[in-house]
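Notes follow the structure.
The values are calculated or read from the model by the stated rules, or taken from the named source; none is laboratory data. The model shown is predicted, which means the values in this text are computed figures rather than measured ones. No Cβ is skipped: glycine too gets one built from the backbone with ideal geometry, and neighbour counts run over all protein chains shown. Quick note on the areas: whole protein, heavy atoms, side chains included, nothing else; ligands and nucleic acids left out. Shrake-Rupley method; radii C 1.70, N 1.55, O 1.52, S 1.80 Å.
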Amino acid sequence: IKTYTTADGLVSNRISRIVRDSRGYLWFCTENGLSRFDGSRFVNYTVDQGLPDDEVNDLLETRSGAYWIATGKGLVRYNPKGLPLPYGKASLRSDPMFAVYRVGAERITSVIKAPYEDRSGTIWIGTWRGLFRLELAGDQARFHFIDLGSDPHFVRNILEDRKGALWLTTDSGLYRRRPDGTVDRFTRDHGYPSERLMGLIVDRKGNLWVGDRFGGLYLLVSDPGVSRPVVARQYATKDGLDCVRVGALYEATDGRIWIGADCGL
């Protein structure tokens, strides 16, 4: 195991997300900026290059090749051919490296956690104030708030299942938004010890896995319904987890599921 730290050029030792892009670069989203790794060296981006905030939570590369960066102060579009200019001075040039978009009037709506592109190419934005849909017209961006029937603060993860439904983990439970716009919310009444949900993946068999802040890991039933419990199996310390705060999930090519928890991997 080779350990990389700030001594090797990484912008911060506290990493919230790792993304591999289509060019083979690895992007490290950290609390002190964004690092790009080419296998030998790091290139770092912070407010000095035009990010609105050094808190970088995620990065999305769309199928069209656009890069969107989730920060603590807005959604950012990355132009690799643009000029790196300190934040606040990008308006002085027409070709900045980072274009910043505010999602809403409230400060909390611009705390971006989860950018996601579905199969149709629609881009969804998970914020600390709920879910938004991004509409692009040239360089102009509009954000449409999605009414989920309640108030889902802290949207942490978004994914699309095989039926085209969007799933969201939030601090107020698990949400499913069907293609027709109807919304289901799954809470403690459906088998969760807690409603502060974090990690989220759908595996190659179509099974949905959810990580909890306080309850470990859940495997959901095959066809979750709001009129019955949806947890098929819970994994916690009795099953070998050293702790029950599960923030990240990943299915490898061999089918194994890796669990990122507060106590380790």
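Quick notes on this one:
- Cα-based Kirkwood hydrodynamic radius, the chain, one decimal, Å: 19.3
- Only Lys, Arg (+1) and Asp, Glu (-1) charged, at Cβ; the chain dipole about Cα centre in debye: 200
- Surface composition of the chain: carbon plus sulfur atoms contribute 47% of the solvent-accessible area (1.4 Å probe, protein chains only, all chains present).
- Extension gain for the segment ALA232 to ALA7, taken as residue separation times 0.36 nm less the Cα-Cα distance, is 76.5 nm to one decimal.
- Using only the C-alpha atoms, the convex hull of region 1-158 corresponds to 126 Å³ per residue.
- Taking region 148-242 and dividing mean pair separation by its residue count, relative contact order in percent (alpha carbons under 8 Å, at least six apart): 19
- Farthest toward positive dipole pole in region 164-265 [+1 Lys/Arg, -1 Asp/Glu at C-beta], among LEU208, GLY240, GLY181: GLY181
- Translational diffusion coefficient (Stokes-Einstein; Kirkwood radius from C-alpha pairs) of region 163-256 at 37 °C, 0.692 mPa s, in µm²/s: 243
- Shape category assigned to region 62-114 from the gyration tensor of Cα positions, a/c cut at 1.5: oblate
- Accessible surface, the chain, averaged per residue in Å² (probe 1.4 Å): 51
- The trypsin sites (Lys or Arg not before Pro) of region 201-265 that meet both conditions, a loop assignment by DSSP and at most 12 other Cβ atoms within 10 Å of the site Cβ, are ARG204, LYS205, ARG256.
- Using 0.36 nm per residue and subtracting the Cα-Cα separation, the extra length available between GLU31 and ALA137 on full extension is 35.1 nm.
- Projecting label points 7 angstrom from Cα along Cα→Cβ for ALA66 and ALA252 puts them 3.5 nm apart.
- Cα shape, region 209-265, gyration tensor, a/c 1.5 rule: oblate
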